[in-house]
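Everything below concerns the one structure shown next.
The values are calculated or read from the model by the stated rules, or taken from the named source; none is laboratory data. Computed from a predicted structure; not experimentally measured. Using ideal geometry, Cβ is built from the backbone for each residue, glycine included, and neighbour counts are taken over all protein chains shown. Surface areas here come from the heavy atoms of the whole protein model, side chains and all, with no ligands, DNA or RNA. Shrake-Rupley method; radii C 1.70, N 1.55, O 1.52, S 1.80 Å.
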Amino acid sequence: MIEFSNVSKRYLAKKALDDVSFTLPEGKIIGVVGENGSGKSTTLKLMAGLIRPTKGTVTINNRRVDRKICEIVAYLSELDAYYPFYTVEEHIDFFASQFFDFNKEKADRIIAFMKLDRKAKVKTLSKGNRGRLKIALTLAREVPIYFNG
């Protein structure tokens with residue numbers, strides 16, 4: 001269960017969220033829809049522990065969210081935050097070294113399914129194939145919660 005309790009988030013003078021409270025049940029696939037600037041990305045980043053609320057609390061399974069929430073959450077960012085000089089295979093090895101729950105065999109199956117060249121450097125991949133790599137690396141984590149920012 002994910003719970004926001006009176007959460008506000010400010011970026012300097014801009015208010016991204018203002019006193020938001022809600023509860024998301026376990027075991028559901030939920031989409032967040034809204035206009036540009038309505039706080040969707042901020043909400044996801046708060047749940048992933050990438051940023052902290054200015055006010056209020058965010059909890060997942062009764063655990064206050066902080067950066068260590070990544071132990072139970074995988075976050076697929078909209079940004080390309082990968083090393084361009086690494087190959088697909090080197091990224092798999094890197095993620096395996098960073099996340100104890102990373103399943104290399106699962107990553108290999110997803111990479112094969114998506115027809116990605118394991119020897120290709122990220123900088124040579126098309127935008128679509130970089131996106132596939134991000135999906136594969138995120139889904140290869142064995143966590144109960146996945147967010148797509």
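Results, tabulated for the structure shown:
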read-out	value
Leading residue by the ranking (surrounded by the fewest Cβ atoms within 10 Å (Cβ to Cβ)) among those in the stretch 103-135 that are in contact (Cβ under 8 Å) with a residue 40 or more places away in the chain and hydrophobic (A, V, I, L, M, F, W, C)	Ile135
Residue within the stretch 65-72 that is more than 19 Å from Lys9 (Cα to Cα), open to solvent by less than 60 Å² (accessible area, probe 1.4 Å) and under 14 Å from the mean Cα position of the chain (by Cα) present	yes
Count - residues of the stretch 28-62 that are out of contact with any helix residue (DSSP H, G or I) (no Cβ under 7 Å at 6 or more places or on another chain) and surrounded by fewer than 16 Cβ atoms within 10 Å (Cβ to Cβ)	15
Sole residue being at pLDDT below 95 and touching a strand residue (DSSP E or B) at 6+ places or on another chain (Cβ under 8 Å), chosen from Lys28, Lys55, Lys9, Lys15	Lys15
Count - residues of the stretch 74-112 that are among the β-branched types (Val, Ile, Thr) and modelled with pLDDT under 95	0
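Conditions tested, residue by residue: (1) basic (Lys, Arg); (2) touching a residue at least 40 places away in the same chain (Cβ under 8 Å); (3) within 19 Å of Thr138 (Cβ to Cβ).
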position: Asp18; (1), (2), (3): no, no, no
position: Val32; (1), (2), (3): no, no, yes
position: Lys45; (1), (2), (3): yes, yes, yes
position: Pro53; (1), (2), (3): no, yes, no
position: Thr57; (1), (2), (3): no, yes, no
position: Glu71; (1), (2), (3): no, yes, yes
position: Tyr86; (1), (2), (3): no, no, yes
position: His91; (1), (2), (3): no, yes, yes
